[in-house]
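Engineer: Provided herewith is a single structure, encoded as structure tokens, for subsequent inquiry.
The values are calculated or read from the model by the stated rules, or taken from the named source; none is laboratory data. Quantities reported herein were computed from a predicted structural model and do not represent experimental measurements. Note: ideal-geometry Cβ built from the backbone for every residue, glycine included; neighbour counts use all protein chains shown. Note: accessible area is taken over every heavy atom of the protein model, side chains too, but ligands, DNA and RNA are not part of it. Shrake-Rupley method; radii C 1.70, N 1.55, O 1.52, S 1.80 Å.
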Amino acid sequence: MHPRSLAKAWPAAAAFSLLVAAWPAAADPAALPVRDDAALQRAVEDARARFLAGQKFDRLDVTVLLAAADGTWRRGSVGGDRPWYPASCVKLGFGIAAAHWCEAAHRAPDCLDEAVLPMLRDSDNVATGVVVDAITGVTNGPKDGADFDAWQARRLYTEELLQRHGLLDGQRFGNKTYPTNSGEMPEGLEQLLLERHGRNSMHADGSARLMLALVQGDFGAQARDYLRTRLRRPLISENSAMGGAFPEGTVFESKIGEAYDTLAEIVHAELPDGRRLIVAAYSNGRDPEGPDDQDQTVLAGFATLLLERLRDD
């Protein structure tokens, strides 16, 4: 089925009524098993400083979570609460929302896989537009005569879901990534949403917690298992910035984002020695004046230094 046909398969009113009836109970963000750790903080600060000293760019905000034996996660972060334009990292949130939408409709969490798979595996923008249209129950249209407030309430489905789980934290997941199924650039209601609600925004702290919530099953075990398979990729991949730094045998799951000057990635990794870590890194390591296809692997240098420090600790 063509993605545009897929988008027409879920009537807007019926879809939204299913979603509203199935919101999960609100989560307490303080309940997430994360604790600041001085040793990990030093490791993150040291790896970041050494990495940036050899780069042409000057910004790298990063949050690292490292699983501990007692079931908690140690945390180290620099600039973790600073907002970034996330580029395609926003698709992690859309993927979680898609699995929830399917289960709210009493379907398997992979019911939108025809679009979710290319969205998460290949970062396909057209597929992303199909997902956003399906889970929100509304498509783009002209501004004139439209009830924008009602349209916006539906379009912000992903934000509402994350807010109910205590994971939104000022981030924004409202807009598609362009060019997409509704046009080369935002227009009509999608343009009005961009003007009034603002462009997508994420930060390293929120990204790391979002990945943690997914992998520990906060959105359900079936959704966790499904989405992890869709985020899993080879260490050397055109859709990863940091994978090449990890040792062979690592189970590597990630979502990259790169557009304008943003080069970012959200990673969950299970190392061959059994350790698990989450790394959310946002940088201005992409040249906005450069070609569309640029070397995305520069952040592997930071990951290499980080892993070296973690081996030493």
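Engineer: Which order do the peptides 137-145, 203-211 come out in when sorted by mean C-beta neighbours inside 10 angstrom, highest first? Working shown, then result.
Structural biologist: Numbers: 137-145: 14.7, 203-211: 26.1.
My ranking of the peptides, most packed first, is 203-211, 137-145.
Engineer: THR250: accessible area at probe 1.4 Å, nearest 10 Å²?
Structural biologist: Around 20 Å² of this residue is reachable by solvent.
Engineer: Please give the peptides 263-270, 62-69 ranked by average Cβ packing (other Cβ atoms within 10 Å per residue), highest first, as a rough proxy for protection. The partial results should precede the final answer.
Structural biologist: On the way: 263-270: 25.1, 62-69: 21.5.
Listed from highest to lowest mean packing, they are 263-270, 62-69.
Engineer: Sticking with this one: Considering only C-alpha atoms, what is the centroid distance from the stretch 215-249 to the stretch 126-144, in Å?
Structural biologist: 27 Å
Engineer: With a 1.4 Å probe and every protein chain left in place, work out the accessible area per residue of the chain in Å², rounded to a whole number.
Structural biologist: Numbers: 13130 Å² over 313 residues.
Per residue, the chain has 42 Å² of solvent-accessible surface.
Engineer: Another one. Could you name the aspartates and glutamates whose alpha carbon sits less than 20 Å from that of LYS56, not counting residues in the same chain fewer than 8 places away?
Structural biologist: Straight-distance partners of LYS56: GLU45, ASP46, GLU258, ASP261, GLU265, ASP287, GLU289, ASP292, ASP293, ASP295.
Engineer: On to the next question. Hey, what angle do you get for helix 38-52 against the long axis of the chain, alpha-carbon based, 0 to 90 degrees rounded to 10?
Structural biologist: 80 degrees
Engineer: Compute the whole-percent fraction of alpha carbon pairs in the stretch 195-293 spaced more than 23 Å apart.
Structural biologist: Looking at the stretch 195-293, the distances longer than 23 Å represent 31 percent of pairs.
Engineer: Still on this model: With +1 on each Lys and Arg Cβ and -1 on each Asp and Glu Cβ, how big is the dipole of the stretch 149-298 about its Cα centre, in debye rounded to the nearest 20? Spell out each step's value before the answer.
Structural biologist: Working: 17 positive and 24 negative charges, 149 e Å.
Dipole of the stretch 149-298, to the nearest 20 debye: 720 debye.
Engineer: Find the relative contact order for the chain and round it to a whole percent, using C-alpha pairs within less than 8 Å whose residues are 6+ positions apart.
Structural biologist: Details: 585 pairs, mean separation 72.9, N = 313.
Averaging sequence separation for qualifying contacts and normalising by length gives 23 percent for the chain.
Engineer: Please report, in debye to the nearest 20, how large the charge dipole of the stretch 100-155 is about its Cα centre when each Lys and Arg carries +1 at its beta carbon and each Asp and Glu carries -1 there.
Structural biologist: Values: 5 positive and 10 negative charges, 23 e Å.
Dipole magnitude for the stretch 100-155 comes out near 120 debye.
Engineer: Take the alpha-carbon positions of the chain, form their convex hull, and give its projected area averaged over all directions (one quarter of the hull surface) in nm².
Structural biologist: Answer in nm², one decimal: 15.6.
Engineer: Strictly greater than 17 Å: what percent of every Cα pair in the stretch 61-174 meets that? Could the numbers behind the result be given before it?
Structural biologist: Values: 4099 of 6441 pairs.
Beyond 17 Å sits 64 percent of the P(r) for the stretch 61-174.
Engineer: Separate question: I'd like the accessible area for ASP169: 1.4 Å probe, protein heavy atoms, all chains in place, Å² to the nearest 10.
Structural biologist: 110 Å²
Engineer: So if I place +1 on the C-beta of Lys and Arg and -1 on the C-beta of Asp and Glu, and nothing else carries charge, what would the dipole magnitude of the chain be about its Cα centre? I want it in debye, nearest 20.
Structural biologist: Working: 34 positive and 45 negative charges, 96 e Å.
It works out to roughly 460 debye.
Engineer: When the helix-only estimate is applied to the chain (DSSP H runs of n ≥ 4, each -39,500 (n - 2.57), divided by the residue count), what is the mean residue ellipticity at 222 nm, nearest 500 deg cm²/dmol?
Structural biologist: On the way: 12 runs with 127 residues, N = 313.
It lands at -12000 deg cm²/dmol.
Engineer: Ignoring ligands, DNA and RNA, what percent of the accessible area of the stretch 167-215 is carbon or sulfur (1.4 Å)?
Structural biologist: Working: 760 of 1670 Å².
C and S fraction of accessible area: 46 percent.
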